[in-house]
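Notes follow the structure.
The values are calculated or read from the model by the stated rules, or taken from the named source; none is laboratory data. All figures in this text were calculated on a predicted structure; none of them were measured in a lab. Please note: Cβ atoms are built from the backbone with ideal geometry, for glycine as well, and neighbour counts cover all protein chains shown. Heavy atoms of the whole protein, side chains included, go into the accessibility calculation; ligands, DNA and RNA do not. Shrake-Rupley method; radii C 1.70, N 1.55, O 1.52, S 1.80 Å.
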Amino acid sequence: MCNALKQATRQYDRTLVSVSFLSTDDATNPNLNQLHQSFMYSQILKEILIEINYDVETAIKNLIAYVLHKNIEQLHAEQRNDYEMPRITVYRGQGLSKDGFEKMMKTKGELMSFNNFLSTSIDRDVAFTFADSIHYKKEKNFSMKFLPTIFRIFNINFQPTNSEHIDMDSVQTRLYPGAHIATGNPYDYFHHGIVIDPTTDDISIVHFWGHKKREAHVQTTTLSTFISGSSTRVASKNRQLYLVHYENDTFEKQQETCQRAKDMLIETPYNYKFHLLRLNCESFARFCRTKEWKSEQKNQM
């Protein structure tokens, strides 16, 4: 079949070439360099049918695959007409380059196409796991730079539930040992920790943190470092401070929270490995407060 097609194509090859005729009056036409559109298609077809070396066995396999694909399409169409199929939402953790991310941001609400079959999951946590494992050496801080823009577009606010904004001038009178605090700005991630001693000038905080996620461990820092995100950025990066309230809170529960944070700091500071979904700064703080590893930020995602 391939050989016969080649022969027939050669016979009509000359008739497929587009010819354009121009008069002398067209010499000033600025679009003389634009060839007839059929020229491009005829050349592509010629290359496909004549100039590419065909493997007969591969061609037969491709033909069979094509026929099967058409049969599947027809079967799917028939079943779709006979049955009302429910919509299924699947998730995929996908890494993007900087250029790819910018293009995606410009096409919100449009279609995305992939030149490949993709593995997906109906479990959103599985997709998050794959997304968290993707790192770009040259653009490792790129996603963090644009995350607030994404959160703003989708109106995602990570301010903790039942939290109250605390003015920095009143922290020593409003905070207490065992208090669950969070710092962040609108449409950005919030960092969480437990207050140990609010009476000192610097106010000591125990939190699960590290300069890099893989280096995160239970440690103590000052409130100013906690808010800035690093001792080198104190006073240069300021975030809002919030106090998280709990229902049926008691002085005894606050003391237990403080003691639990101290025990983890002294006894098992490096026993915990950061995980975006299961073990992060918020789940650590909530564990100290309630003995449950929970994260509102993960659920909002």
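Screening the stretch 186-201 for residues that are touching an Asp or Glu at 6+ places or on another chain (Cβ under 9 Å) and open to solvent by less than 10 Å² (accessible area, probe 1.4 Å) and picking the one that is nearest to L243 (Cα to Cα) gives H192.
Please tell me if V195 is in a helix (DSSP H, G or I) and touching a strand residue (DSSP E or B) at 6+ places or on another chain (Cβ under 9 Å).
For V195, the condition - in a helix (DSSP H, G or I) and touching a strand residue (DSSP E or B) at 6+ places or on another chain (Cβ under 9 Å) - is not met.
What residue, among those in the stretch 173-192 that are within 25 Å of the chain's Cα centre (by Cα) and in contact (Cβ under 8 Å) with a residue 60 or more places away in the chain, is nearest to C288 (Cα to Cα)?
Of everything passing the filter in the stretch 173-192, H192 is nearest to C288 (Cα to Cα).
Residue count for the stretch 202-221 satisfying the condition of being open to solvent by 10 Å² or more (accessible area, probe 1.4 Å) and under 18 Å from T173 (Cβ atoms): 2. Only one entry in Y270, Y242 is out of contact with any Leu (no Cβ under 7 Å at 6 or more places or on another chain), more than 17 Å from P177 (Cβ to Cβ) and open to solvent by 60 Å² or more (accessible area, probe 1.4 Å), namely Y270. Residue check: T183 meets all listed conditions (1) open to solvent by 20 Å² or more (accessible area, probe 1.4 Å); (2) part of a strand (DSSP E or B); (3) polar (S, T, N, Q) but one, namely (1).
Could you tell me how many of the residues in the stretch 273-295 are closer than 20 Å to S163 by Cα, open to solvent by 50 Å² or more (accessible area, probe 1.4 Å) and charged (D, E, K, R)? Qualifying residue count for the region: 3.
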